[in-house]
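The structure under discussion appears below in the form of structure tokens.
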Amino acid sequence: MTNELRPDGDLQPDLADLAFEEAGSEDVSHLLPAVREMPEDLAFLPGAYYAISLEGIPAGTAPRTLGSVLGKELFASLSDIRVFGRNAATEPLLEVGPDHNEPAELMVGMELFPDTGTPPEESDFGMFDMVAGRISKKLGRAKKPAAEPVSGAVTRGMKLAGLKGKFGQVQRLFLRGSFAAPAITDAALSIGLKRDGGGFAWSGGRAQPLFKVRAEGLQLAPNAAGNASAIEFSFMPARVPQPKKVLERMATCANYFIKRIGGQLTDAAGKPANPAIMQGEDPELAKAVAAVTAAGLRPGHPVTVRLAQ
């Protein structure tokens, strides 16, 4: 960005270099509150990991952050290894990072379907044991024996790999009628959606989009023209945390579109949408979630997301 001097000597930014966010004709983004991260989103998921626990915190240990002992660089390097902790057996094991205080109980887990898409082989577990050993040594907390043999974890990893592509069910709603591209765009921007390819998406405070909006037969680029006979709202339940909340937010968005541009809300089969979607309830969504949980996984978990790609 260039800076130019005003007559009084102050620096003046070159506004042509600044990016402005698009906005609709009104701001009703409050209708879609963020999907807040819940403890269960970070909870240890036995079906996704091979894990090694550490002995309890040594008596008299002064409070300290994990990053101060292990180093923040260690956490940055753990691509398929995660650390979990809790302070009491009645609490869930939650993922912890460098800024967390050292909890009473600690567990180190290796993902059984990592980002590479290849489940770990027996030789990979030796390296994981070394990493867990490094963590235990730095913390002064001995490793406990693993709860399962490596061969069992290898088998579980292969079973997970066999589920690749099995969680691809998409939850869809359709708004049917006749909709001009500028009107669609204005409604989307007004409720806080962001451009995503040829349509729009909503992330709800998360790193990745939670649901997407597309106009049938139209690419909704800036200044797009034309008409669409249907608008699709969609997401993949396996890929999002708290899918019931995502469905509720998506239904709220669709109803706002109806208020602004009209149309009839239907399911994928063209039948009137189930009113229960406003509370995040739907039989097809329940089936999709059940398929994930039956495999020992959780919607929105990194391993589940990889399997659903």
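Bear in mind these aren't lab numbers, they're just calculated from the coordinates by the rules spelled out. These figures come from a predicted structure and were not determined experimentally. Cβ atoms come from the backbone with ideal geometry, glycine included; neighbour counts cover every protein chain shown.
Observations
- Counting only alpha carbon atoms, the long axis of helix 243-261 and the longest principal axis of the chain meet at about 10°.
- Which label in [x] 30, 22, 21; [y] 46, 20, 16; [z] 43, 28, 17 gives the computed semi-axes √(5λ) of the Cα gyration tensor in Å: [z]
- The HN-Hα couplings worked out from phi for region 117-123 by the Karplus form 6.51 cos²θ - 1.76 cosθ + 1.60 (θ = phi - 60°) are x, 10, x, x, 8, 4, 5 Hz, whole numbers, x standing for Gly and Pro.
- Among the GluC sites (Glu not before Pro) in region 28-69, those located in a DSSP loop and surrounded by at most 15 other Cβ atoms within 10 Å of their own Cβ are E37, E55.
- Within straight-line reach of K194, meaning a Cα separation under 17 Å, sit the following lysines at least 8 residues removed in sequence or on another chain: K212.
- Helix 181-190 and the longest principal axis of the Cα set of the chain meet at an angle near 50°.
- Using alpha-carbon coordinates, inclination of helix 283-294 to the longest axis of the chain, degrees: 20
- Note on K164: lysines with a C-alpha under 18 Å away, same-chain residues under 8 apart excluded, are K287.
- Estimated from helical segments only, the mean residue ellipticity of the chain at 222 nm is -8500 deg cm²/dmol, where each DSSP H run of four or more residues counts as -39500 (n - 2.57).
- Remark: region 201-275 is approximated by an ellipsoid whose semi-axes, taken from the C-alpha gyration tensor as √(5λ), come to 21, 17, 11 Å, largest first.
- The Cα-based radius of gyration and maximum Cα-Cα distance (Dmax) for region 165-308 are 15.0, 47 Å.
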